[in-house]
């Protein structure tokens with residue numbers, strides 16, 4: 001998957017702040033551009049895992065909902 005990242009220099013503290021516009025609240029930081037990008041990649045994975053868990057929990061309480069795994 002590809003995500004657009006907003007990368008901005010933190011003028012107050014130093015380093016860089018990275019956020020993923022496609023995943024509200026998915027933000028990370030790093031002392032260098034490379035570190036900030038590595039950290040936001042990890043944050044995106046955690047955000048996606050959390051969203052998947054939340055969807056499964058919601059589905060489990062609905063009798064009409066089925067969880068089916070596919071390979072894409």
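The values are calculated or read from the model by the stated rules, or taken from the named source; none is laboratory data. These figures come from a predicted structure and were not determined experimentally. Every residue, glycine as well, gets a Cβ built from its backbone with ideal geometry; the counts of neighbours run over all protein chains shown.
Restricting to the stretch 16-32, and then to whatever is in a loop (DSSP other than H, G, I, E, B) and in contact with a helix residue (DSSP H, G or I) (Cβ under 7 Å, 6 or more places away or on another chain), can you tell me which residue is farthest from residue 71 (Cα to Cα)? Don't jump to the end; show me each part of the working.
First, pick out the residues of the stretch 16-32 that are in a loop (DSSP other than H, G, I, E, B): 21-26, 31-32.
When the remaining residues are screened for being in contact with a helix residue (DSSP H, G or I) (Cβ under 7 Å, 6 or more places away or on another chain), the result is 23, 26.
Numbers: 23: 22, 26: 25 Å.
Here the answer is 26.
Among the residues of the stretch 17-32, count how many are modelled with pLDDT under 95 and exposed (fewer than 12 other Cβ atoms within 10 Å of the Cβ).
3
Without any contact (Cβ under 8 Å) to a residue 12 or more places away in the chain and surrounded by 12 or more Cβ atoms within 10 Å (Cβ to Cβ): does that describe residue 50? Show your work before the answer.
Details: without any contact (Cβ under 8 Å) to a residue 12 or more places away in the chain: yes; surrounded by 12 or more Cβ atoms within 10 Å (Cβ to Cβ): yes.
Spelling it out, residue 50 is indeed without any contact (Cβ under 8 Å) to a residue 12 or more places away in the chain and surrounded by 12 or more Cβ atoms within 10 Å (Cβ to Cβ).
Is it true that some residue in the stretch 59-71 is without any contact (Cβ under 8 Å) to a residue 60 or more places away in the chain, part of a helix (DSSP H, G or I) and at negative phi?
Yes - at least one qualifying residue is present in the stretch 59-71.
Search the stretch 1-27 for residues that are over 15 Å from residue 43 (Cα atoms) and pair each with any residue that is assigned to a loop (DSSP other than H, G, I, E, B) when their beta-carbon atoms are under 7 Å apart and the residues are at least 6 apart or on different chains.
Listed pairs, sorted by first residue: 15/31.
Check 35, 55 and return the single one that is part of a helix (DSSP H, G or I), modelled with pLDDT under 80, more than 11 Å from the chain's Cα centre (by Cα) and surrounded by 12 or more Cβ atoms within 10 Å (Cβ to Cβ).
Exactly one residue qualifies, and that residue is 55.
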